Amino acid sequence: MTETQSGTTASPVERVIRARREAGTGALIGYLPVGFPDLETSVDAAVALAENGVDVIELGLPYSDPVMDGPVIQAATQQALAQGFRLRDGFEAVRRITSRVDAPVVLMTYWNPVVQYGVDRFADDLAAAGGAGLITPDLIPDEAGEWIAASNRTGLDRIFLAAPSSTATRLQQAVSTSRGFVYAVSTMGITGARSDVDNAARGLVERLREAGSESACVGLGISTAEQVREVLAYADGAIVGSALVSALANGGVDEVARTARALSDGTRVS
Amino acid sequence: MALRTQTGPYFGEYGGRYVPESLIAALDELAAEYESARDDPAFQAELAELHRTYTGRPSIITEVPRFAEHAGGARVILKREDLNHTGSHKINNVLGQALVAKRLGKTRLIAETGAGQHGVATATAAALFGMSCVVYMGEVDTERQALNVARMRLLGAEVIPVKTGSRTLKDAINDALRDWVANVDTTHYLLGTVAGPHPFPVMVRDFHKIIGEEARQQVLDLTGALPTAVTACVGGGSNAMGIFHAFLDDPDVQLFGYEAAGEGADTPRHAATITKGRPGVLHGARSYMLQDEDGQTVESHSISAGLDYPGVGPEHAWLSDIGRASYLPVTDAAAMDALRLLSRTEGIIPAIESAHALAGTLELGRKLGPDSVILVNLSGRGDKDMETAGRYFDLIDAEAEQV
Ligand SMILES: Cc1ncc(COP(=O)(O)O)c(C=O)c1O
C-alpha cells in the first residue's frame, strides 16, 4: 500500500486520483443511479462508464426526498423507486460492478436510508460488497459522529461537501474529516447540466488547497469534455451526473458509453 | 430543568442540521440574526406593534358552553387564532421571520404551503414589506385549496405547483429547499412550521409562543386557575408548540396534540406521525416520521391539507418521548363531525386542521369530566375549506355551481 503525505494508508479512490494527477491530468468521476431504468441496465451502464474512461463510479441510491438533485436525476430516481428499488439492490449493484471492473465504486446517498439500515450494518455490507465509501449530500461533518466511527472501523471513504459559501473553518473541517476526496460544489445550486460552470469553483478549490486538501473534485453542472478540461486545470477530479443520466434515459447503455468516452477526452493532456 | 428554556439545535436526540453544506452559511447567518433580533428591544417593539395594528392581537378567548355539552360537560375555551388577519396562527411566525429577513437585507421570500394558509400569510407579509414572493405548493393541494391559490396571486405572489413525488406539502418543502440553495444571497426561506434544520424549530416556536402566553393569562383571568388541559392539532406542530410553550413548566396542565389519522391510524392512509412513525431524518432535522423499512418517506393522507405531512417538529418528538405531551390520532370523519358541531352549536366555522383539535377535545372532556377546563387552540377559520366541506356534507346544489 502506498502512503499519503499525511502518513496514513491511501484508499483506492485516493490512489486512483493521485495516479491521474501524477499523469498530468485529473480524474473523471461519473454518477448514475441504481435501478434506473432497471437494476440490470444500471449495472451495465456503470460498467460501461469504467470501460470508457471514467476513473471512479459514483452510484446513487434513489431516495424519496432528494433535495440536492435537479429534475433529470429526480425523474430517474423516482422511476427507480416506483419500480420497487430496495436498499439491498444498492449493495447488489456494487457487488456486480466491482466483480466486472476495477474502478472504485462510491455510493451517493441521502442520510436517512443509512440511519434506518443501521450505520454500522450499512458500512459492513458496503465494505463486504466491495464498495469504496460514501458521498453524503445532506450529512455535514458536525452531525456525522456515528459515520466517522463506522468508516474508520471499516476503512471506507467518507466524502463530505464543500460549498462556495463555506467559511475557512468549515473548509478545514471538510478537508480533515473527508477521506477519498472532498466534493467541491461548483455553484450554489443543485445537480443539473449548466452551460458554464461557475468560476466560484476555481476559487473554492483554491481555498480547499489552502485548507490542506490534496484531493478536491468539482461537481454540479459539468456536462461536456470542454468543461471537464477546464475544471481539471485546477482540480483533481471532475464529477459528471445529469449528462450521463440523460444519455442513459435517451439512448441506453450505448449512449452512456459514447458520452463517457467523449467526456474522458477532457482528461487527456492536450 | 425548565422545559421552556430549550433553544436547540437539539431537543434530546432530535433536531440538528441535516442539510447540504451549501445551506450552512445561510443557516448560521439566520441563527445569528435571529438571536440578535430576539434580544433587541427595538425588534420586539416593532413586532408587537405590527401584531397590535395589523394581526389584530391579542386574539380573544371564547368559552363555548353549547359545544362543551358534547364534551362530557367540561368547560371548553377556544383561543381564537382564527380571528387573526389572514385567518390563522400562521401570520405570527410570518411577520416575525419577514422582519428578520429585512434585517438580513433579503428582498425575496419563498415558502412552502399545504393548506395555503402559510402561503397566504407569507404573500401578505411580502406585500406589506415590498418583497417579492414565490410559494411552492403541491399540485394536489393547489386543487383542494384553490381559493387560497387565488388569494396568494391576488397578493402578488407567484404560486408554483409542485409536480414531483406525492405532489403535497413534503414535496413543496423539497422544492423550496432547492430554490433556497440556488438563491440564498437574495432569498429568505420562510419555513412555515416548527420543523426543518436549526434555527427554524426554535425560531418558529418563539414567534408563536405569544399564543400560549396570552391564553394562559386570559384563562387565569376568566377562571382564576390554569386549565386542566391544553389541546391543539399537529401538522408540523407550530400552533401546538405556540400554545403549549407557556404551559411546559406547569406540571399540572396536561398537553394533548392531535395528529391527523385520515381514514384511520391503522390503515395505510393517515398522517399520524408520532403515533405511527419512528425516528429518522427528514427535511433537515431528526424527528419522528412516516417511513418504510428502507427509510423512504411514506406518503401521508389527511382530508386536511395543513396536516397532510409525514414529519413533525423535533421539539414535539422530544416532548412525546419524555412524556410531557401526549399525541393522539383523530380521523377525517371525527374531525369533520367536530367541524359541523362547532358550526351548529356556536356559530364558529373552524379550519379542518383545527377541527382535529376539537374532535380530540370532545373525547378528552368526556374522560376528564365536568370539573375540568380545556383550552383549545382554534388555529384557523374554515373559509378556505368550504369547497371540501361542501362536498363532504353535500351542501352545494348541483345547479348552483354555474352562476
Ligand atoms: C389553520 C391551520 N392549523 C394548523 C395547521 C398545521 O400546521 P402546524 O401544525 O404547524 O400548526 C395549518 C397548516 O397549514 C393551518 O392552516
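Partners of B:Lys163 within straight-line reach, counting lysines whose Cα lies under 30 Å from its Cα and excluding those fewer than 8 residues away in the same chain: B:Lys90, B:Lys106, B:Lys276, B:Lys384. Per the Debye formula on identical point scatterers at the alpha carbon atoms of the protein assembly as shown, with no solvent, log10 I(q)/I(0) at q = 0.07, 0.08 Å⁻¹ is -0.47, -0.61. Post the alpha-carbon centroid distance, the stretch A:25-69 to the stretch B:212-265, in whole angstrom. That distance is 49 Å.
Tell me the volume per residue, in Å³, of the convex hull enclosing the alpha carbons of the stretch B:335-386.
Dividing the Cα hull volume of the stretch B:335-386 by its residues yields 70 Å³.
Averaging over all projection directions, the Cα-based convex hull of the stretch B:88-159 occupies 4.1 nm² in the image plane.
Amide H to amide H, with H built 1.01 Å from N, B:Gly114 comes under 5 Å of B:Gly119, counting only residues 5 or more places away or on other chains.
Taking amide H positions as modeled 1.01 Å from N, with prolines and chain starts lacking one, the residues under 5 Å from B:Ala261 and 5 or more places away or on another chain are B:Ala271, B:Val330, B:Thr331, B:Asp332. In order along the stretch A:171-178, the Karplus-derived 3J(HN,Hα) couplings, from 6.51 cos²θ - 1.76 cosθ + 1.60 at θ = phi - 60°, round to 5, 4, 5, 4, 5, 6, 8, 6 Hz, and Gly and Pro are given as x. Please list the non-local residues whose amide H lies under 5 Å from the amide H of A:Gly60, H modeled 1.01 Å from N, same-chain partners needing a gap of 5 or more. Under 5 Å from the amide H of A:Gly60: A:Leu32, A:Val34, A:Met108. Binning the C-alpha pair distances of the stretch B:147-237 at 10 Å intervals from 0 yields a P(r) profile of 13, 31, 32, 15, 9, 0 %, listed from the shortest bin outward.
In whole percents, the pair-distance distribution calculated for chain B from its alpha-carbon pairs, binned every 10 Å from zero, is 5, 25, 36, 25, 8, 1, 0. The string of couplings for the stretch A:49-63 from the Karplus curve (6.51, -1.76, 1.60, θ = phi - 60°) is 4, 5, 7, 10, x, 7, 8, 9, 9, 10, 9, x, 8, x, 9 Hz, one whole number per residue in order, with x for Gly and Pro. Quick one: grab the alpha carbon gyration tensor of the stretch B:1-124, order the square roots of its eigenvalues as a ≥ b ≥ c, and give me rounded if a/c is under 1.5, else prolate or oblate depending on whether a/b is larger than b/c. It is prolate, given that a/c is not under 1.5 and a/b is the larger ratio. Secondary-structure-derived ellipticity at 222 nm for chain B, considering helices only, amounts to -12500 deg cm²/dmol, per-run term -39500 (n - 2.57) for DSSP H runs with n ≥ 4. Working value for the stretch B:277-403: equivalent-ellipsoid semi-axes of 30, 22, 11 Å, each the square root of 5 times a Cα gyration tensor eigenvalue, largest first.
A convex hull fitted around the alpha carbon atoms of the stretch A:168-235 yields 84 Å³ per residue.
Using C-alpha positions alone, give me the convex hull volume of the stretch A:12-267 per residue in cubic angstrom. Spell out each step's value before the answer.
Details: hull volume 26.8 nm³, N = 256.
Each residue corresponds to 105 Å³ of Cα convex hull volume.
Taken together, the values in this text are just the output of simple stated rules run on the coordinates, not laboratory data. Just so it is clear, the structure is predicted and the values come from calculations on it, not from any experiment.
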